[in-house]
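Working notes, structure below.
A short reminder: the numbers here are calculations on the coordinates, not readings from a lab. Bear in mind that the values here come from a model prediction, so they are computed numbers and not experimental data. Backbone-built Cβ (ideal geometry, glycine too); neighbour counts: all protein chains shown.
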Amino acid sequence: MKRVLTIQDISCFGKCSTTVALPILSAMGVETVILPTAVLSTHTMFSGFTVKDLTDQMEPICAHWKKENIRFDAIYTGYLGSEEEIDIVSRIFRDFGGEDTLIFVDPVMADNGKLYPAFDLHYAQRNAALCGMADIIVPNITEACVMTGTEYRETYDEAYIKLLLTRLTTLGAKKSFLTGVSLSEGKTGVYGMISATGETVIYQNDRVNATYHGTGDIFSSAAVGALVQERSLYEAFQIAADYTADTIRETLRDPREPWYGVNFETTLPLLVDRMRT
Ligand code: PXL
């Protein structure tokens, strides 16, 4: 069985980071190991959330794994709360990475043209350096802009996306995939570039007109699951984008419309079926 380590916080309420990665990867038939960086009462889009930082536990936990000779087919990182955590994660990549371990970094820190309140430009630069160690990175357009010093635009064309991708490749990751790229009315998806060749990979599906919290984590979890299950790059991103879009559509149908997270549980059977084909 394939084994993935995911390094992110536990937001007890709110359906994001570890609490979506674990069920999605498990449903995809992947053994999922977690390294919680902090425990929060909710994700940070609620006000008044509590935080218990677990940074000081990260290295002792990894040292024990090392002693037990535990290895991973992939390491997937998402929301990291501080520069210190980013430093520790870069050491984990060195200790547990290698030819047979896919390093997948989702540099969660910004959206809609703005950094999340907890982060500043210095943090963004550290995250850019972490991206440089990855096989695959999946920033949204805002995150790509802050990491490459590019002006954020609400409306853009393909040339702007290609420029952003070319700049992302200079960070050092082998493959960069921009998420939330909409190149025509009613469509959205991913636009990727392979650093070594400049080759591009595009997948667009129907845009669902709603934004919810946690959809990036759902997308990344499904992409990692499909990649470790040896789907091609294109198919893995197609599976992840379709699952995310199906989930948003399903959430819109829920009269309770939970703004804080999506109904990814309802659509898990679709993902499981897709992985059987
Ligand atoms: O979904 C990303 C995420 C993960 N974890 C925490 C967050 C966020 C986004 O805001 O606040 C704690």
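Given only helices, namely DSSP H runs of n ≥ 4 each adding -39500 (n - 2.57), what is the per-residue ellipticity at 222 nm of the chain, to the nearest 500 deg cm²/dmol? Value at 222 nm, helices only: -13000 deg cm²/dmol.
Compute the Rg/Rh shape ratio of segment 120-185: radius of gyration over Kirkwood radius, all on alpha-carbon atoms.
0.95
Quick one: grab the alpha carbon gyration tensor of the chain, order the square roots of its eigenvalues as a ≥ b ≥ c, and give me rounded if a/c is under 1.5, else prolate or oblate depending on whether a/b is larger than b/c. Note, shape of the chain comes out rounded. When 230, 185, 84 are arranged by Cβ crowding within 10 Å, least crowded first, meaning fewest neighbours, the order is 185, 230, 84. Look at where the Cα atoms of segment 168-195 and of segment 208-239 average out, and the two centres are 13 Å apart.
Sites listed here are chymotrypsin sites (Phe, Trp or Tyr not before Pro) in segment 185-277 whose DSSP assignment is loop and whose Cβ has at most 12 other Cβ atoms within 10 Å: 259. Taking the centroid of alpha carbons for each part, segment 120-144 and segment 45-93 are 17 Å apart.
Starting from the Kirkwood Rh over alpha-carbon pairs, what translational D in µm² s⁻¹ does segment 206-277 have by Stokes-Einstein at 4 °C and 1.567 mPa s?
105
Stokes-Einstein diffusion for segment 133-277 at 10 °C, viscosity 1.306 mPa s, with a Kirkwood radius from C-alpha pairs, works out to 101 µm²/s. By the Kirkwood approach, averaging reciprocal distances over each pair of separate Cα atoms, segment 77-131 gets a hydrodynamic radius of 11.9 Å. Each peptide in 144-152, 110-118, 221-229 was scored by the mean count of other Cβ atoms within 10 Å over its residues; highest first, the order is 221-229, 144-152, 110-118. Across 10 Å bins from 0, what is the distribution of all Cα-Cα pair distances for segment 1-111, in whole percents? Bin by bin from 0 Å, the calculated values are 14, 48, 32, 6, 0. Taken over the Cα atoms of segment 1-46, the convex hull encloses 52 Å³ per residue.
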